[in-house]
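Here the structure is laid out as structure tokens; the discussion comes afterwards.
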Amino acid sequence: CMEEDFNLYKNQPLDSLLVRPNADSKMLKAESARYYFASVTGVDRAFGQILDALKELGLDKNTIVVFASDHGETMCSQHTEDPKNSPYSESMNVPFLVRFPDKIKPRVDDLMLSSPDIMPTLLGLAGLADSIPAEVQGRNYARLFFDEKAEIERPGGALYIQNLDGEKDADGKVQTYFPSSRGYKTARYTLAFYIDKKDHKLKKSLLFDDEKDPYQMNNLPLEENKEIVAELCREMGKELKAIDDPWYKERILSDMIPY
């Protein structure tokens, strides 16, 4: 980040920045919050420069502008040090803003958009729906962007996938990966299963009611929520089968996930 941006936050108390109730301001990386906020300020300014440049070039009315990110930054929430591989909302929920003047009216939609959907949707927005490769896993939701009342099949949820390093060769280079966790996120619930590397049995589970518990501070027991878990597992199984995932091919946790 730039020093001018960091100066805006360097004297701010951490508790005034890490305001989510599930954030631990005593974690070692808490100090990074000041740098993160400064970085966001810099990105905001730079993105404004992009928009200004488009306007100066006379391209602002005919350019699809998208603001998104690769994953969220947990910033001490949930006590995790790994924001990239986390099923928590601070990591899985990312911004996706689209501007297309005179074509898209500003509004908010609860579409469960996933990363694989971005490319086909952008091709659809650009009028190139016929050029979307057949083997693309994502879906084209351009019609919904143009018309909020468009009749489309909305996804019921999104997969959560975590892979860890697997076997290494004599030089210590990773040759395979271990499919350590799979999960499913809907508009209301988040479910994640973690398996043991040796026997592939269930090691840990996470289940959150994101509507009643938006900060995911109460991990619900599976046994007391059998119907909800069964429905989430059914949908997760369908999605894992559709992408020929290792969990589907090896029938991992098949006693819980119907493939």
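The values are calculated or read from the model by the stated rules, or taken from the named source; none is laboratory data. Since we're looking at a predicted model, the values are computed, not measured. Note that we place each Cβ from the backbone using ideal geometry, even for glycine, and neighbour counts take in every protein chain shown. Only protein heavy atoms, including side chains, enter the accessible area calculation; ligands, DNA and RNA are left aside. Shrake-Rupley method; radii C 1.70, N 1.55, O 1.52, S 1.80 Å.
Observations on the structure shown:
- Residue among GLY166, GLY157 that is surrounded by 15 or more Cβ atoms within 10 Å (Cβ to Cβ) and either over 30 Å from LYS105 (Cβ atoms) or not aromatic (Phe, Trp, Tyr) (or both): GLY157
- Scanning the stretch 121-162 for residues that are of a type in the set (S, T, N, Q) and within 26 Å of ILE228 (Cβ to Cβ) yields one hit, GLN162.
- Applying the condition of being touching a Gly at 6+ places or on another chain (Cβ under 8 Å) and of a type in the set (A, V, I, L, M, F, W, C) to the stretch 1-32 and asking which residue is surrounded by the fewest Cβ atoms within 10 Å (Cβ to Cβ) yields MET2.
- Residues of the stretch 62-98 satisfying the condition of being open to solvent by 40 Å² or more (accessible area, probe 1.4 Å), under 13 Å from GLN216 (Cβ atoms) and not in a loop (DSSP other than H, G, I, E, B): MET92
- From the options LEU144, LEU191, residue that is assigned to a helix (DSSP H, G or I) and either within 23 Å of ASN218 (Cβ to Cβ) or open to solvent by less than 10 Å² (accessible area, probe 1.4 Å) (or both): LEU144
A quick yes/no check of all residues on (1) touching a residue at least 24 places away in the same chain (Cβ under 8 Å); (2) in contact with a Lys or Arg (Cβ under 6 Å, 6 or more places away or on another chain); (3) more than 28 Å from THR190 (Cα to Cα):
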position	(1), (2), (3)
CYS1	yes, no, yes
ASP5	yes, no, yes
LEU28	no, no, no
ALA46	no, no, yes
PHE67	yes, no, no
CYS76	yes, no, no
SER91	no, no, no
PHE96	yes, no, no
ARG99	yes, no, yes
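- Residues located in the stretch 202-259, provided they are open to solvent by 90 Å² or more (accessible area, probe 1.4 Å) and assigned to a helix (DSSP H, G or I): GLU223, GLU224, LYS226, GLU227, ARG234, LYS238, LYS241, LYS249
- Qualifying residue in the stretch 40-61 (condition: assigned to a loop (DSSP other than H, G, I, E, B) and modelled with pLDDT under 95): no
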